[in-house]
Amino acid sequence: TDLPSYGWRGWFSVIVISVIIALFRAWPKTSFSESFTNPDVKIGIKVGNIFDQSGHLVIGFSDTFDTEIGAVVSKDSMQGQFLVSMYENNQNKLDTDLNTLLQNEESEEDSEKTRGKNKRYKIGTVVALSGLNRKFFCCAYSRMGADLKATSDINSLWVSLQNLWNKIRVEGEQKTIVMPVIGTNLARVPGISFKLPINLILLSYIINSRVEPISKEMILMIREEDQEKVNLLEIQDF
């Protein structure tokens with residue numbers, strides 16, 4: 001079959017369009033969203049700063065709910081940024097608010113932890129701090145060691161997510177939930193990739209939303225410094 005004769009201008013246009021499409025597909029994505037019918041939810045993935053987003057926020061904590069920036073909590077960590085961005089670096093106010101909500105939660109003191117807080121709460125403990133027209137769901141998914149290193153595992157993350165969704169059902173009023181990729185310290189374990197906690201969060205949200213609605217929309221935020229560790233096209237496929 002003879003090829004169609006477009007003329008040099010026609011073929012040039014075809015080549016340019018093909019190049020544009022190829023560049024568009026190859027260009028690194030910074031966000032996308034998917035809508036589902038079963039369950040009836042929308043999931044968004046974005047690269048950026050979680051504190052620039054509106055909606056309820058999820059903040060990952062350790063089992064001691066430490067807030068002291070410095071040797072205990074890094075200023076670059078989610079807890080450190082939360083204290084500075086949402087509490088204007090007022091640690092006493094944050095501690096007071098946390099302690100008020102944690103007073104009825106089961107805990108035990110750890111005498112071996114001498115820096116920061118030494119009262120431990122169960123992994124999966126979730127409290128909802130009240131902000132301006134939103135809430136901050138603080139979820140303990142890791143264990144803060146006496147050496148001030150936070151560690152977690154897949155089971156702890158999964159249990160924490162279950163408890164988190166339950167808390168949001170009760171206090172979230174079906175509003176948009178914005179959360180970071182909690183559990184990134186799992187990627188330090190040999191053989192576990194950075195995308196595993198992402199997949200666990202998405203899978204857990206979908207499964208639990210089918211059992212009972214959690215929120216109309218969930219946005220998962222990936223920090224700009226972690227963008228190179230993930231492939232958003234792979235996440236979209238997942």
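The values are calculated or read from the model by the stated rules, or taken from the named source; none is laboratory data. The shown structure was predicted, so the numbers you read here are calculated from the model rather than taken from an experiment. Here the Cβ is made from the backbone with ideal geometry for all residues, glycine too, and neighbour counts use every protein chain on show. Accessible surface areas use protein heavy atoms only, side chains included; no ligands, DNA or RNA. Shrake-Rupley method; radii C 1.70, N 1.55, O 1.52, S 1.80 Å.
In table form, for the structure just shown:
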| read-out | value |
| --- | --- |
| Every residue from the range 32-85 that is of a type outside the set (A, V, I, L, M, F, W, C) and more than 18 Å from the chain's Cα centre (by Cα) | SER35, THR37, ASN38, PRO39, ASP40, THR64, ASP66, THR67, GLU68, GLY70 |
| Residue that is more than 25 Å from THR96 (Cβ to Cβ), without any contact (Cβ under 8 Å) to a residue 60 or more places away in the chain, polar (S, T, N, Q) and not in a loop (DSSP other than H, G, I, E, B), where the choices are SER193, SER204, SER209 | SER204 |
| Within the range 54-81, tally of residues that are open to solvent by less than 20 Å² (accessible area, probe 1.4 Å), out of contact with any strand residue (DSSP E or B) (no Cβ under 6 Å at 6 or more places or on another chain) and farther than 21 Å from TRP165 by Cα | 3 |
| Matching residues in the range 82-122 - criterion: being among the hydroxyl-bearing types (Ser, Thr, Tyr) and open to solvent by less than 30 Å² (accessible area, probe 1.4 Å) | TYR87, TYR121 |
| Number of positions in the range 128-182 that are charged (D, E, K, R) and touching a residue at least 60 places away in the same chain (Cβ under 8 Å) | 4 |
| Single residue of the range 124-139 satisfying the filter (assigned to a loop (DSSP other than H, G, I, E, B) and either among the hydroxyl-bearing types (Ser, Thr, Tyr) or in contact with a strand residue (DSSP E or B) (Cβ under 6 Å, 6 or more places away or on another chain) (or both)) that is surrounded by the fewest Cβ atoms within 10 Å (Cβ to Cβ) | ARG134 |
| Residue satisfying condition, being among the polar types (S, T, N, Q), at pLDDT below 95 and not in a helix (DSSP H, G or I), within set SER156, SER142 | SER142 |
| Residue match in the range 165-175 (condition: of a type in the set (Lys, Arg), at pLDDT 95 or above, part of a helix (DSSP H, G or I) and open to solvent by 40 Å² or more (accessible area, probe 1.4 Å)) | yes |
| Index of the failed condition, GLU108 passing every other in (1) assigned to a strand (DSSP E or B); (2) touching a Phe, Trp or Tyr at 6+ places or on another chain (Cβ under 9 Å); (3) under 25 Å from ILE201 (Cα atoms); (4) at pLDDT 95 or above | (3) |
| Tabulated pairs, the range 85-104, first part of a helix (DSSP H, G or I), second exposed (fewer than 14 other Cβ atoms within 10 Å of the Cβ) and among the charged types (D, E, K, R), C-beta under 8 angstrom, 6+ apart or interchain | TYR87/LYS93 |
| Test: residue in the range 19-31 that is farther than 16 Å from ILE201 by Cα, within 21 Å of the chain's Cα centre (by Cα), assigned to a strand (DSSP E or B) and modelled with pLDDT under 85 | yes |
